[in-house]
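Worksheet for the structure shown next.
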């Protein structure tokens, strides 16, 4: 009986640790990666990823690609991404800090290389109930809006480069992209 | 004398078993084999999939971002067409048949490659006269299209390809992987 009891405790502990590992370890790993990447620039700031970091984070993308990221934090204010991309194929992917893709687009879908994305924190249940009883907010022309279920996440802009000689000019163009707290 | 199988043993054992089973699940769950006999496997990253937390954990724990889905799909291979593990001591020939090829693809070794082109993509390669694509996977530079692999040990190849809107992963043409000289 005593052995059965302790086996049940072991089983319960195994299940709890299994669930905790899956729920928390990946997000912690991504959080640490984001903090390391953004250590020089901080959050809510767009920068071009060094090629070594790009290879670790996105190994399927060729090394000479240009990847720009913004580690956003919408916990205290909305964040605006003003993208400025050169002509050609590119992709935009927005991840939550749990690694879920919450938004993705490419040049064909957007039809433009210059656009604005407004990032905000998705309202919780209480806020949604409160909003339901309030007047409709006035719409502002801010381009696309993306509500993130988590306060932190990552915006990734990828531009594949065929000719290595083009990389510098593409980096200069993409560097004009801005990611900053909304005014 | 305190019995060996005391409470801390069961609790610690349970915790270790839980973490180990979780890690093992991230490496194995969500993997789907493709065309009969193909060594390429895809991971189901659909948010609606039951194994979604495990597949996402696989990427994040490996320091990678999950594929964004949409127009791109990722495949990995750890064996050749005959089922033998990919090893740095052997050279491999990858072939893609002419005709129905992805509009864009890239090929890389997931592990740290030897000096050279660790990732090749469709725009940077030279096709054969019949339109097919052949490239070598080797730790030593090879004539023609070549993707560098690690200097030693086993490795995985990562194949990222574009797909038609609404097409499944099974519809994406795959490279054949044939072992050459060792």
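The values are calculated or read from the model by the stated rules, or taken from the named source; none is laboratory data. Here the structure is a predicted model, which is why all the values come from computation and not from measurement. When we count neighbours, we look across all protein chains shown, and the Cβ atoms used for this are built from the backbone with ideal geometry, even at glycine.
Residue-wise test of (1) touching a helix residue (DSSP H, G or I) at 6+ places or on another chain (Cβ under 8 Å); (2) touching a residue at least 40 places away in the same chain (Cβ under 8 Å).
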residue	(1), (2)
B:13	yes, no
B:17	yes, no
B:21	yes, no
B:36	no, no
B:89	no, yes
B:99	no, no
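Considering only the range A:27-37, I want to know if a residue exists there that is within 11 Å of chain B (Cβ to nearest Cβ), surrounded by fewer than 22 Cβ atoms within 10 Å (Cβ to Cβ) and over 17 Å from residue B:66 (Cβ atoms). Yes: the range A:27-37 contains one or more residues that are within 11 Å of chain B (Cβ to nearest Cβ), surrounded by fewer than 22 Cβ atoms within 10 Å (Cβ to Cβ) and over 17 Å from residue B:66 (Cβ atoms). The residue that is surrounded by the most Cβ atoms within 10 Å (Cβ to Cβ), among those in the range A:72-99 that are under 13 Å from residue A:157 (Cβ atoms) and within 11 Å of the chain's Cα centre (by Cα), is A:72. Listed residues A:96, A:77, A:104; which is touching a residue at least 12 places away in the same chain (Cβ under 8 Å), over 18 Å from residue A:171 (Cβ atoms) and at the interface with another protein chain (Cβ under 7 Å from one of its Cβ atoms)? Result: A:104 is the single residue among A:96, A:77, A:104 that is touching a residue at least 12 places away in the same chain (Cβ under 8 Å), over 18 Å from residue A:171 (Cβ atoms) and at the interface with another protein chain (Cβ under 7 Å from one of its Cβ atoms).
Sort out which residues of the range B:139-160 are within 19 Å of residue B:40 (Cβ to Cβ), surrounded by 21 or more Cβ atoms within 10 Å (Cβ to Cβ) and free of Cβ contacts under 8 Å to residues at least 60 places away in the same chain, and write them in order of number. B:147 - this is the single residue of the range B:139-160 that is within 19 Å of residue B:40 (Cβ to Cβ), surrounded by 21 or more Cβ atoms within 10 Å (Cβ to Cβ) and free of Cβ contacts under 8 Å to residues at least 60 places away in the same chain. Elements of the type strands (runs of 3 or more DSSP E) sitting completely within the range A:15-128 and holding at least 1 residues that are modelled with pLDDT of 85 or more and closer than 28 Å to residue B:77 by Cα: these cover A:66-73, A:91-96, A:101-106. Residue B:94 meets all of the listed conditions (1) more than 14 Å from every other protein chain (Cβ to nearest Cβ); (2) surrounded by fewer than 20 Cβ atoms within 10 Å (Cβ to Cβ) but one, namely (2). Only one entry of B:53, B:8, B:102, B:71 meets the criterion of being under 27 Å from residue A:109 (Cβ atoms) and within 12 Å of chain A (Cβ to nearest Cβ), and that entry is B:71.
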